[in-house]
Structure formats: structure tokens, C-alpha cells
1. Relative contact order of region 249-308, please, whole-number percent, based on alpha carbon pairs below 8 angstrom and at least 6 residues apart.
2. Hey, can you rank 355-363, 338-346 by average C-beta count inside 10 Å, highest first?
3. Applying 1/(1 + (r/R0)^6) with R0 = 35 Å to the Cβ-Cβ distance of residue 279 and residue 204, what FRET efficiency is obtained, to the nearest 0.05?
4. Points 7 angstrom from Cα along the Cβ direction at residue 190 and residue 224: gap in nanometres?
5. Starting from the Cα of residue 120, step 7 Å along the direction of its Cβ; do the same at residue 61; then give the gap between the two resulting points in nm.
6. Share of the chain's accessible area from carbon and sulfur, percent, 1.4 Å?
7. Please identify the DSSP H helices in the chain that span no less than 24 Å along the helix axis (Cα) and have a mean Kyte-Doolittle hydropathy of -1.0 or more.
8. Normalised by the number of residues in the chain, what is the relative contact order in percent for Cα pairs under 8 Å and 6+ residues apart?
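The values are calculated or read from the model by the stated rules, or taken from the named source; none is laboratory data. Predicted model, so just to flag it, every value in this text is computed and none were measured. Cβ atoms come from the backbone with ideal geometry, glycine included; neighbour counts cover every protein chain shown. Surface areas here come from the heavy atoms of the whole protein model, side chains and all, with no ligands, DNA or RNA. Shrake-Rupley method; radii C 1.70, N 1.55, O 1.52, S 1.80 Å.
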Amino acid sequence: MKKVFFAYQYGMANAGDFAINIGSLDLLENYYDDITIISKVTKNDVEYKDNIDYIKKYYPEFQVIEGPFNLNRGSLIKTLRSYIGGVVKYPYLLFKGEYKDAIKKSDIVFLNGGNILRCDSITDYIRLHALLFPLRLAKKSNIEYVLLPQSTTTINNNGKKLLSPFLNSAKMVFARENLSYEKLKEDFPNANIKDSLDSAFFIKNRELPKKEYEDKYSSLAKRKNNICITLRKEDLGDIGELNNEKKELIEREIRELANKALRDGYSLSFIIQTKKDKAFTEKIYDVLKTNREVSIIEEYDPLILREIYRNSSCLIGMRLHSMILAMSVGTPVVGYFDPNWGSKNPGTLGQFGMPFCFIEDRQDLYSMIEIAQSNKEKMISRITDSKNKVIKSLEEEV
């Protein structure tokens, strides 16, 4: 059986990022039983222990090693300091240490899916340079490598120059929706780009999360016509915030949606699955909380979130991975996006026939629920077809 080096395991502060981990590992587990996972955070990060415990809970046979860089974003100064520290450490990693040894002992390297390829600023460039180090080590040792489903917003000329030799030498580069597929094909015509879907679609059904959901959210499990809502006030990359005008538009539209849904017999659950969404979600919930049919849930475990969405009539989402988790269990979704968040959002929903609109469109979100529900079977069929294409590619080429 081949030995795999898997980079990176993302943190749990954002359930969407962590869902990518689980889906990627569930997919690879079908073909490999010897997997070494490198964390994206160092052992000094507050998330590290929780991440390790979670991986051991569901993948006890896999080895996890700490990440070499501190690549968490904060203020510009803090971000630059941590990224530059990674660049200083980078040469050492190329010649010595457990990472080089682990990769040399591997038969294949997988770079986890997500938005890793983004490059639109100097901080993006530094981050990207650091994140690519497993691929650089793989190239130096003539080890095959695959990029699991990626999306792309902007890749400037410096980013293209940096990425070209890595993507062109990759055994496969999966794109996680069709708009990113077309863009990557255009920017890297010599790379073996495969049209795909987000890794989180490959999460397996498990009995333990189902039981934990029923124990933890027993009252929610009894609701018959529940609509879930995930909100977001962050700009691209969760670095800054949307302007006040957009935040006010979101608040007004969500209040109108809630009033119409409650009038028609639905209940509502505001879901916090990313810590940066907590204050904004609570602000909107506070206006509606006097109605007993409105609740709020803070949950970061993707497997339990899937059970929440599985037992819902629809999800109105601003967080892409809330919608992916919902669609992966057959629940229809309505997307509510800012266009600056990139092509991954409309690309993913359009690929599976789910409706969406942008904040400034001022469309009636409630009216889109019926469209989403009527396209449910089409969505399920398209997801199944897309998953089968990825599985076939892995079986044929890896």
C-alpha cells in the first residue's frame, strides 16, 4: 500500500475549512491506509490540540505532525511578521528536518483542497510561497503529487510565475467548481486540470455524529419545517469587513426573509459555524429572538453540522461550506453572496442548479426557496455524477 503525505490539516475555527479536511481524508482513505498529515498550525497554536484530538477520534491510524509555519492572519503588521518568519525558516525545511524525511519516504503527496492558490498581494505571495513547500520537496525528490479540489479568485502575474512549475508538474490538479476550472485552464494551459467539486462533498455518513446531534439538539431534531441561515460580514479571505451599506442591506433582507418564513409556518435557526460570524449573527438574531420559532446555534463540528442541515427544509447561506455541507446530505440551498468573494460561490451553486443572488441585487430570498426545493433531485444527481468523475480519475491515474 502506498504511503501518503497530506498537507495541510486546517483549523477548527472555521467549520468550512475543517470540512475540507474530513472530505479529503475520507476520499483518500478509500485508497490508502498509511497517511501522514501535516497540520497548518504549529503545536503552539491554541487550535492544535483540538485538531489532533478530532483526527485521532475518526482516523486513529493516521499520523499527524505539527506545521512548520505560523500562517494565521490578523492585522497587516502581524500577518507580515508571521509570514516573513516563515520565509526565513523556509530554506532550512528544504534541506533538513522531519518534513523532508517524511516526504522522501512517501509515494505520493496530496495538497489539500480550498483556496490555497489565491495570489493578489504581497502577503498572498508570501503565504503561497510557504504553503507550496511540500510540493517543492516532492519535486526535488521526484515524488508524484496531486492538488485536491482548488478554487481561484485572483492570481496575479507573480502568482502565475510562482505556480506554473508546480501545477505543470502535478499529476493532477482538481478544480472545485467549473468557473475555477475554466480560469485555471486559461492561466495554466500545460497543467492537467480536472473539473471536480469541493472535497467536503466526499464526507462519509457516520452513526456517531448522528447520535451526538440527536443528544445535543433534541428540540431542533423535532422541527418539521426548519430553515437554517448562515451569515457573513467578512470580506474576501476574512481579512476585512464588508462596508456598512452592505451590512445594512443584509440585515434588512434577512429580517424580511424571516417575517415571510415565520408567517408561512417555517421555523428559523441561525447557525454560527465560523467564529468571525458570531457577533453579526447574534445582532440579527437579537431582533427576532422574541419569536419562539427562532433559534440560534453555535457549532463548529462539520459532521454535526451535516446532521443539522440534513434535518432542515432549506439553507439560506452566505458561507459556502454551510451550503456544501447541506447539499452533500440532499438539502436544497439558496446562496446570498458578495461578488468580491470570487467565483467559487456562484460557480458551486450554479454547477448543481441551486439559486443565488448578490447582496446588492436586492432580490427576494424567500421566493428563491421554492426554486431550490424544486431543483433538489437535479442537485443530488449532479453531485453524484461529479463525485463519480473524481473517483474515476483517482482510480485511473493514482
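1. Relative contact order, region 249-308: 35 percent.
2. Working: 355-363: 16.1, 338-346: 18.9.
Answer by packing, highest mean first, reads 338-346, 355-363.
3. 0.55
4. 6.3 nm
5. 4.2 nm
6. Roughly 47 percent of what the probe reaches on the chain is carbon or sulfur.
7. Details: long enough: 76-95 (30 Å, 0.77); 244-263 (29 Å, -1.28); 376-397 (32 Å, -1.12).
Those that clear 24 Å and a mean of -1.0 are 76-95.
8. The value is 15 percent.
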